[in-house]
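These notes concern the structure reproduced below.
The values are calculated or read from the model by the stated rules, or taken from the named source; none is laboratory data. Values in this document were obtained by computation on a predicted structure and should not be read as measured data. Cβ placement follows ideal geometry from the backbone for every residue including glycine, while neighbour counts extend to all protein chains displayed. Side chains are part of the model used for accessible areas, which takes the heavy atoms of the whole protein and leaves out ligands, DNA and RNA. Shrake-Rupley method; radii C 1.70, N 1.55, O 1.52, S 1.80 Å.
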Amino acid sequence: MAKLTILETEFKKSIHRVWNSPTLMTWGSFLTRSLSLVIVLPLILTRLKTAEIALWYLFSTIIGLQLLADVGFSPTFSRVIAYGMGGLNTFDLKDLRTIRQSPSLSEPNWETIEKICSTMEAVYLRLTVISIFLLATLGTYALWKPISTIGDITSGWIAWSIILLASTVTLLGNTYSSYLQGVNQIALLRRWEILTSLGAIGTSFIVLLLGGGLLGLVIANQGWLVFNIFRNRWLCAKIESGRFQQFTHKEIDPIVFEAVWPSAWRSGLGLFMSYGLVQISGVIYAQFGTASGVASYLLALRLMQTISQFSQAPFYSKLPLLAKLRSEGNLEQQVNVAKRGMLLAYWTYLAGFIGLGVLATPLLRLIGSNVEFVSPLLWGIMGLSMFAERYGAMHIQLYSTTNHIIWHIANGVSGVIYLVVALVLFKQIGVYAFPVGTLAGYLGFYSWYSAMHSYRAFSLKFCDFERSAMFMPLLVMLIYLTLTLLTK
């Protein structure tokens, strides 16, 4: 009887650890969203025509570009809120390269956090107005040709109008997700994302099964995005004794803005010169490529993004903790947490990349897809470039806990390399120019420059650190790519 009680106690503790684990809940969130690849994707590829598939992924690409409208504020606000949770005041937020000499446990500074949230809401209101104008003009221009190729042009423009309306709400909603992540409520946020993702997948499946087509799919997708914003607002009111609702000011605090703006614009520029340019490549290719070629490339790009996002969970879910450890001066623990997260992130990425590389083509044939998978060579180059990006991105995130942002330099230079290589090679090798350009940009500057700052900030040596982080996953990836290309 006593043994049974002990087992029950241990079981409850295990469930509690899983339930409150930011990494596992983030994985769960990504996993449920990834279920759309199994449940929704087959219907998209068989129920929609080739031109509609290309347009759907082009819609998804433009929706993804809304991250650029954030201008890097979301990760910056999450980080400084985490600093506030570590006890810092507004004057200490600007630069944490000089840290406290000994770890300390500090109570949250709610006065600082309120000023941050006040600034955050005022900033996002202004960003929303600007971004909607740009989407309505530049986005409409980019969609003119792709929408004209589908059978029902009217439904295409109605779908785009719905996306514009939903985008107004979703950008404003970044306020809530930034707050939840900053106060380290990632596990709570991801648990709810699991539930709503299942709802979104189920709704999309039913819509496509009943013949709702492209327009119905857009309505279902955007409806859940709007619902998620109101869900996050409700969660903010429920945690930390409802302090978020007690924050009354809705204006920009000059000291807070001075602390976040340099980091935000550098992060935003860096995001544009990396993620933004890759996404824009799909929009550009849609203006010149055939519907089948565009659909195939955008599908591969979407799958690669899904793998990348899923692999981010073990490391990115630790960012608020890493920022808090930095503010407390606990450097050794910060490095250990980062190393474990990086290693697990690499293996997660490899599992997804190799799995899809092996199974994608036979699965698409099995379901009778209207779109073919990209060639093994193209998939391999895309995968290798994304691995290089993951290496640099995790090191730049680790260094960013100092609140000294170098994203604009790292991504700016690599983005210029990407543009030059892609433009020079596009006429010769076509769509291959895009992943070749990104790989050249990452290897030529981004990856080693980002890692160099991380090593210096934490007094790390490349071989000592990467021997237990990056070396083995990279070796496995190179072996897989070699075997794949030799057998084709």
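Consider residue 172 carefully, then state whether it is under 25 Å from residue 131 (Cα atoms) and in contact with a Cys (Cβ under 8 Å, 6 or more places away or on another chain).
Taking the combined requirement at face value, the residue does not satisfy it.
Going by the structure shown, is residue 239 surrounded by fewer than 21 Cβ atoms within 10 Å (Cβ to Cβ), among the aliphatic types (A, V, I, L, M), within 26 Å of residue 28 (Cα to Cα) and modelled with pLDDT of 90 or more?
Working: surrounded by fewer than 21 Cβ atoms within 10 Å (Cβ to Cβ): yes; among the aliphatic types (A, V, I, L, M): yes; within 26 Å of residue 28 (Cα to Cα): yes; modelled with pLDDT of 90 or more: no.
No, not satisfied.
Of all residues being within 16 Å of residue 346 (Cβ to Cβ) and surrounded by 14 or more Cβ atoms within 10 Å (Cβ to Cβ) in region 451-470, which is modelled with the lowest pLDDT? Just the residue, please. Break it down stepwise before answering.
Pass one, region 451-470, residues within 16 Å of residue 346 (Cβ to Cβ): 451, 454, 462, 465-470.
In the following step, the residues that additionally are surrounded by 14 or more Cβ atoms within 10 Å (Cβ to Cβ) were identified as 451, 454, 465-466, 469-470.
Values: 451: 91, 454: 90, 465: 88, 466: 89, 469: 85, 470: 90.
In this case the residue turns out to be 469.
For a quick check of your reading of the model, give me the residue pairs whose first member lies in region 230-250 and is over 14 Å from residue 183 (Cβ atoms), whose second is among the basic types (Lys, Arg) and part of a helix (DSSP H, G or I), with beta-carbon atoms closer than 9 Å and at least 6 apart or on different chains.
If the second residue must be among the basic types (Lys, Arg) and part of a helix (DSSP H, G or I), the pairs left are 249/115.
Can you tell me which residue among 284, 252, 280 is out of contact with any His (no Cβ under 6 Å at 6 or more places or on another chain) and either at pLDDT 85 or above or not in a helix (DSSP H, G or I) (or both)?
Details: 284 fails: either at pLDDT 85 or above or not in a helix (DSSP H, G or I) (or both); 280 fails: either at pLDDT 85 or above or not in a helix (DSSP H, G or I) (or both).
Result of the check over 284, 252, 280: 252.
Every residue, every condition in (1) within 27 Å of residue 358 (Cα to Cα); (2) assigned to a helix (DSSP H, G or I); (3) touching a Ser or Thr at 6+ places or on another chain (Cβ under 6 Å), yes or no:
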site	(1), (2), (3)
380	yes, yes, no
390	yes, yes, no
402	no, no, no
405	no, no, yes
412	no, yes, no
419	no, yes, no
426	no, yes, no
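Taking residue 268, is it closer than 30 Å to residue 50 by Cα and crowded, with 16+ Cβ neighbours inside 10 Å? Talk me through it step by step, then tell me what you get.
Working: closer than 30 Å to residue 50 by Cα: no; crowded, with 16+ Cβ neighbours inside 10 Å: yes.
Spelling it out, it is not the case that residue 268 is closer than 30 Å to residue 50 by Cα and crowded, with 16+ Cβ neighbours inside 10 Å.
Can you pull out the helices (runs of 4 or more DSSP H) entirely within region 440-488 that have at least 3 residues that are closer than 18 Å to residue 332 by Cα? Lay out the reasoning, then the answer.
On the way: elements: 447-457, 462-466, 471-487.
Fully inside region 440-488 and qualifying: 447-457, 462-466.
Quick check: is even one residue across region 330-353 in a loop (DSSP other than H, G, I, E, B) and farther than 30 Å from residue 47 by Cβ? Spell out the reasoning first.
Here is the first cut: in region 330-353, the residues in a loop (DSSP other than H, G, I, E, B) are 330.
The next check asks that each one be farther than 30 Å from residue 47 by Cβ; those that pass are 330.
The answer is yes, given that some residue of region 330-353 is in a loop (DSSP other than H, G, I, E, B) and farther than 30 Å from residue 47 by Cβ.
Return the only residue of 444, 415, 430 being at pLDDT below 90, among the small types (Gly, Ala, Ser), over 26 Å from residue 340 (Cα atoms) and open to solvent by 10 Å² or more (accessible area, probe 1.4 Å). Let's see the steps before the verdict.
Details: 444 fails: at pLDDT below 90; 415 fails: open to solvent by 10 Å² or more (accessible area, probe 1.4 Å).
Selected residue: 430, the only one of 444, 415, 430 that is at pLDDT below 90, among the small types (Gly, Ala, Ser), over 26 Å from residue 340 (Cα atoms) and open to solvent by 10 Å² or more (accessible area, probe 1.4 Å).
Specify the residue that is nearest to the chain's Cα centre (by Cα); the eligible residues are those in region 227-263 that are over 16 Å from residue 124 (Cα atoms) and among the aliphatic types (A, V, I, L, M).
Here the residue is 235.
Could you run through region 309-324 and say how many residues are open to solvent by less than 10 Å² (accessible area, probe 1.4 Å) and in a helix (DSSP H, G or I)? Spell out how you get there, then give the answer.
So the first thing to find is which residues in region 309-324 are open to solvent by less than 10 Å² (accessible area, probe 1.4 Å), and the list is 311, 313-315, 317, 322-323.
Retained after the next criterion (residues that are in a helix (DSSP H, G or I)): 311, 313-315, 322-323.
Qualifying residue count for the region: 6.
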